[in-house]
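To start, the structure itself, in structure tokens.
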6 protein chains.
Amino acid sequence: MNDSDAYTRGKAMAEATNPGIEDALAVRYDAILPGFSSSMMEVAFGHYYTREGLDDKTRYLATVAALAALGGQTGPQLKVHIKNALRSGASQREVAEVINQMALYGGFPAMINALNAAIEVFEAEAAA
Amino acid sequence: MNDSDAYTRGKAMAEATNPGIEDALAVRYDAILPGFSSSMMEVAFGHYYTREGLDDKTRYLATVAALAALGGQTGPQLKVHIKNALRSGASQREVAEVINQMALYGGFPAMINALNAAIEVFEAEAAA
Amino acid sequence: MNDSDAYTRGKAMAEATNPGIEDALAVRYDAILPGFSSSMMEVAFGHYYTREGLDDKTRYLATVAALAALGGQTGPQLKVHIKNALRSGASQREVAEVINQMALYGGFPAMINALNAAIEVFEAEAAA
Amino acid sequence: MNDSDAYTRGKAMAEATNPGIEDALAVRYDAILPGFSSSMMEVAFGHYYTREGLDDKTRYLATVAALAALGGQTGPQLKVHIKNALRSGASQREVAEVINQMALYGGFPAMINALNAAIEVFEAEAAA
Amino acid sequence: MNDSDAYTRGKAMAEATNPGIEDALAVRYDAILPGFSSSMMEVAFGHYYTREGLDDKTRYLATVAALAALGGQTGPQLKVHIKNALRSGASQREVAEVINQMALYGGFPAMINALNAAIEVFEAEAAA
Amino acid sequence: MNDSDAYTRGKAMAEATNPGIEDALAVRYDAILPGFSSSMMEVAFGHYYTREGLDDKTRYLATVAALAALGGQTGPQLKVHIKNALRSGASQREVAEVINQMALYGGFPAMINALNAAIEVFEAEAAA
């Protein structure tokens, strides 16, 4: 089955949360990787983020969990998804509890580093 | 602050989900690591699994996410937490969707291996 | 830009190397993850394996390198791509040299484990 | 068995090496994670760092080894434990030899990055 | 400086702990990787295991720590180094304590899996 | 077999690509790790980078693949090998395509972080 709606669906969600994102990706990456920006819309957003079967809040908290456990090198992306989780209805407490739990799977340093990333997001949102 | 309830709270939850678990751990590990079994009750269960602030279903789905992204070496533990997630009210669909999302963070091989572990759990539960 | 050819292109390549693969994936996964099998055709094969700009032999050797460095949990997938590399014109020597190089990045245990996986593939192909 | 001494024991060791650490953790984390600071005293210090059966120097060198092999995202924690190892009687040579050995398990980049972290610690201690 | 003794030194240590090891490696790997077996003698043993500056017991306990924290895919190598540690004077208690400490850095599943590998070694040694 | 040419061969290649590298390593590391600098020449360059059986361009692209998949903590080394790949005849497109492929094995955050490292190298080379 050909899912020709994946791009359309993904593009809509991406732009709703990050206006201008496809163009920004195109400017930065499409010269060295033709079609990269639209591929991101179709793949990451169309085939993953807009799937049904899981509510957004749980989807983003699961993402925060994985990125926290995987360790500090995913810092930029972790902060994006902490914001997505908050926007989807998760409380700061819930985000922190998910990260705290990751001490058991990714180790305590990974957990502390992720908690520090969360605090940066919380403080930025408070200042906004 | 001394949390003297951590052991009691953790022991209660552990035994409720896994009757006899502390004794089983003691028999296997306490000879080479004195106090290991009660430490597991107090630390893993008392300080982490029984924390408030996050519902069980989300806690276990976040754990499934992290273990899936971290890759196949956590296979035994992943299956335990898939069962915990189902028992906490997650549907098989929700468990699968969380694992599927992990393709983006832990790679497609890790995701497929975790999906296969989930299918083993689902089939065992159907046969039970 | 909507890449409506991704599914078609991916499906063609997947079936050429693995006849019946989409149906096999559908039977195993689509019940718990609707659309999973066609998504794999479109995403993994359409958006990644059939991209231009890199010859197949180098693409598969790069994949073997990454899976070797990441460690033994990607064993099943590593063997698939070792076969793909051989089929694309890489010699057994080239596959082994790539894996050997990974000792420097993924450690010696990961390298030895991947070398052992390669030997299994080489022996199976010799016996075929 | 309830280990009600874990908090007391852990708190004593933590404060001896890091005066004021529990309060510092409380100020930073307890608002978003109630009880986090005392949990760290009880769990990390009480249940792990103050265990008997292994001398401090070996315990900290083992920790340095693991953090070095796991890679650069644990940088802040690695430096803490390098200092702990030196304070426990390890020489700079022994710390460096342990890190060097990790090239075989975590790869050469991880080893070099950890060696650079060690040099930072050595230079800071020399300047103090 | 050319370290022409590395091979000689490494070969001597390898054969002392594993008689016939270079020939075994040659038979298995040298056909697909010319010189692999002697390279292992020179590099792993000559440049790493026979370095001065760190006693064997600490060197092997550090190795056990790293392999435990890195997770189950290094299982075969972990058991080899647990044996090396015991042979160098570490007690079973010390080996277990080092592995237990790794819960804080590699997570609890990695720690439990490594503890199980240690128990296999201890039981095999008891049966021998 | 004693490979007494490893140091000579490695030293020659290292100095050709990085004039003065052995002395720079000696100044930084040999005080805390005697013989470290010559060991790097002999091991990394002599036993790995100068091996026959794989052309340089493929060797360096495989290295880029592994370092990209392993994640951002190997950033400094990744940039070195991107430059090595370009110098060996790889195009910027080929480097980018290899990194892009790694989304499937190391996850999308690792891939994006590696792509950003590549862009830094490309821009620096354009400005030179």
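Only the coordinates and a few stated rules stand behind these numbers; no lab work does. What you see is a predicted model; the values in this text were computed from it and never measured. Using ideal geometry, Cβ is built from the backbone for each residue, glycine included, and neighbour counts are taken over all protein chains shown.
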Lys/Arg Cβ at +1, Asp/Glu Cβ at -1, dipole of segment F:55-128 taken about the Cα centre: which of F:Gln92, F:Tyr60, F:Leu104 is farthest positive-ward?
F:Tyr60
When the scattering of segment F:55-128 is computed by the Debye formula from its Cα atoms alone, each counted once and equally, what is log10 I(q)/I(0) at q = 0.13, 0.16, 0.23 Å⁻¹?
-0.29, -0.45, -0.93
Please report the equivalent ellipsoid semi-axes of chain E, computed as sqrt(5 x eigenvalue) of the Cα gyration tensor, largest first, in whole Å.
28, 16, 15
For segment B:61-70, in order, what is each residue's ³J(HN,Hα) by Karplus, 6.51 cos²θ - 1.76 cosθ + 1.60 with θ = phi - 60°, in whole Hz (x at glycine and Pro)?
5, 5, 5, 4, 4, 5, 5, 5, 5, 6
May I ask you to give the average projected area over all directions of the convex hull of the Cα atoms of the protein assembly as shown, in nm² rounded to one decimal?
31.9
Would you work out the charge dipole size for the protein assembly as shown about its Cα centre, treating the Cβ of every Lys and Arg as +1 and the Cβ of every Asp and Glu as -1, and quote it to the nearest 20 debye?
0
Between helix A:75-87 and chain A, what is the angle of the helix's C-alpha long axis to the longest principal axis, kept within 0 to 90° and rounded to the nearest 10?
90
Based on Cβ point charges of +1 for Lys and Arg and -1 for Asp and Glu, what charge dipole magnitude is obtained for segment B:1-52 about its Cα centre, in debye rounded to the nearest 20?
100
Nearest 20 debye, what's the magnitude of the dipole of segment B:27-128 about its Cα centre given +1 on Lys and Arg Cβ and -1 on Asp and Glu Cβ?
60
Which ³J(HN,Hα) values, rounded to whole Hz and listed in residue order, are derived for segment C:33-48 from phi using the Karplus coefficients 6.51, -1.76 and 1.60 in 6.51 cos²θ - 1.76 cosθ + 1.60 with θ = phi - 60°, glycine and proline given as x?
9, x, x, 4, 5, 6, 4, 4, 4, 6, 7, 4, 7, x, 8, 10
Enter the angle in degrees (range 0 to 90, nearest 10) between the Cα long axis of helix F:6-17 and the first principal axis of the Cα atoms of chain F, meaning the one along which they spread out most.
50
Any idea what the relative contact order of chain D is, in percent, if you count C-alpha pairs under 8 Å spaced at least 6 apart?
21
What does the net charge come to around F:Glu123 if you take all other residues with beta carbon closer than 15 Å to its beta carbon, with K and R at +1 and D and E at -1?
+1
Quarter of the Cα convex hull surface for segment B:1-52, i.e. its orientation-mean projected area (nm²)
3.6
Net charge of neighbours whose Cβ lies under 15 Å from the Cβ of C:Gln77, counting Lys and Arg as +1 and Asp and Glu as -1:
+2
HN-Hα J couplings of segment E:98-110 from phi, Karplus 6.51/-1.76/1.60, θ = phi - 60°, integer Hz, Gly and Pro as x?
5, 4, 4, 4, 5, 4, 6, 10, x, x, 6, x, 4
